[in-house]
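Just below is one structure, and these are the notes that go with it.
The values are calculated or read from the model by the stated rules, or taken from the named source; none is laboratory data. From a predicted model like this one, the values you see are computed outputs, not experimental measurements. Here the Cβ positions follow ideal geometry from the backbone for every residue, glycine too, while neighbour counts run over all protein chains shown.
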Amino acid sequence: MILELEYCSKTPMQQSLTQASILQNCREQGRELSQQCPCLIQVSKQYTKSLMYVAGLPILGCSKSMLANRISYWLNVTGPSYNVDTACSSSHFAMVEAYNLIRSEYCDAAIVASEFYPPMATVNLTMKKVPVTCVAATVMFLQKAKDARRIYATFIYGKVNCDGFKEEGITFPSLDKQKLLLEEFYKECNVSPRELSYLEAHATGTVAGDPIELQAVDEALCIKRDFPLLMGSVKSNIGHSEPVSGHCQIAKVLIAMETGIIPPTIHLKHPRKNMTAIIEGRVKIVTEPTEWKGGYVGINSFGFGGANSHILLKSNPKIKVNETNNNLPKLVVISGHTEEAVKIMLNDVSIYYYKII
């Protein structure tokens, strides 16, 4: 259950981050965290420009640097607490940073949060024929498997690189560097591209970005397979959450692992002529609900300044058993565009509840 917090001293962004269920569980249920648990966070720069004075606190309320520190303060953890900003790949870079801290024995767990909160809570087009942006807030909790009470997936490996100089300009993607990242990645983690069950693409819908990403995947991974690689993008479903987009990708993958169904990539009618890997069948875009059979999932995330990242997750092999015949409280998540819509859905839930009891 999400509890009321000290809203007088927090901006809307700080409220939504501290409301996240993972953080609520850590604090409200008395769960102890290691004092060295680091907190890494990424938010939109627009945030610092929007609400210059919140509850009379222009610095504490609106400083971007305070967001990670606020969570550390609230949970009383003293590990590194800082922001990571590589544009659209920020949340993945923060995940890789946390992964490396845990692997190096610096800490046993890490909180990685991200948020995109535009000044006005409206949908806006960033470029012609590019997915619309969306408001998003996520919190991921990473810890060693031996300490985990609940495992959604195993973080196998994470790696990042940067394009460096490019004749086309800093925002143009680099085929060579994306391809190099993937080749080095699977060699270092000792996982064959043949073992990939699915790849969640960055896929922002741009004319320059998508063909480069697809070609890099084709030349680095598909060349080592003799059957199609399933691929999709959550941006077709929710839009582009910019610095949070990597966490939204992970959320989609976890939903597939939990439900046994890979959510479809929507609105794809036909691939562009230069997307030969799709046309020739080496890559298959998941456009219908597709059975998830378990295994490895690769996830791409790229920043528009050339900051590239890739992570590999593996589904939990333990079969999940849903026990509904008990008296334990159930969490119901409701989302609507208006207050009236939420009330209608809550009313439907209440009616259903009283029918089954």
Enumerated helices (runs of 4 or more DSSP H) restricted to the range 146-244, each holding at least 1 residues that are basic (K, R) and either assigned by TED's automatic domain parsing to the domain that holds I255 or touching a Pro at 6+ places or on another chain (Cβ under 7 Å) (or both): 175-188, 235-238
Out of curiosity, is K343 of a type in the set (D, E, K, R), more than 30 Å from D226 (Cα to Cα) and without any contact (Cβ under 8 Å) to a residue 24 or more places away in the chain? yes
Meets criteria (surrounded by 21 or more Cβ atoms within 10 Å (Cβ to Cβ) and not acidic (D, E)) for G158: yes
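Just name the residue that is nearest to F172 (Cα to Cα) out of those in the range 183-197 that are touching a helix residue (DSSP H, G or I) at 6+ places or on another chain (Cβ under 8 Å) and surrounded by fewer than 22 Cβ atoms within 10 Å (Cβ to Cβ). Please lay out each step first, then the result.
Step one: list which residues in the range 183-197 are touching a helix residue (DSSP H, G or I) at 6+ places or on another chain (Cβ under 8 Å), which gives 183, 186, 192-194.
The next check asks that each one be surrounded by fewer than 22 Cβ atoms within 10 Å (Cβ to Cβ); those that pass are 183, 192-194.
Details: E183: 21, S192: 29, P193: 26, R194: 29 Å.
Of everything passing the filter in the range 183-197, E183 is nearest to F172 (Cα to Cα).
Out of all the residues in the range 286-294, is one or more of a type in the set (D, E), free of Cβ contacts under 8 Å to residues at least 40 places away in the same chain and farther than 22 Å from L199 by Cα?
no
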Only residues that are within 20 Å of the chain's Cα centre (by Cα) and either assigned to a strand (DSSP E or B) or not assigned by TED's automatic domain parsing to the domain that holds A208 (or both): list them for the range 254-284, please. I261, I262
Among the residues of the range 108-133, how many are at pLDDT 90 or above and of a type in the set (A, V, I, L, M, F, W, C)? 5
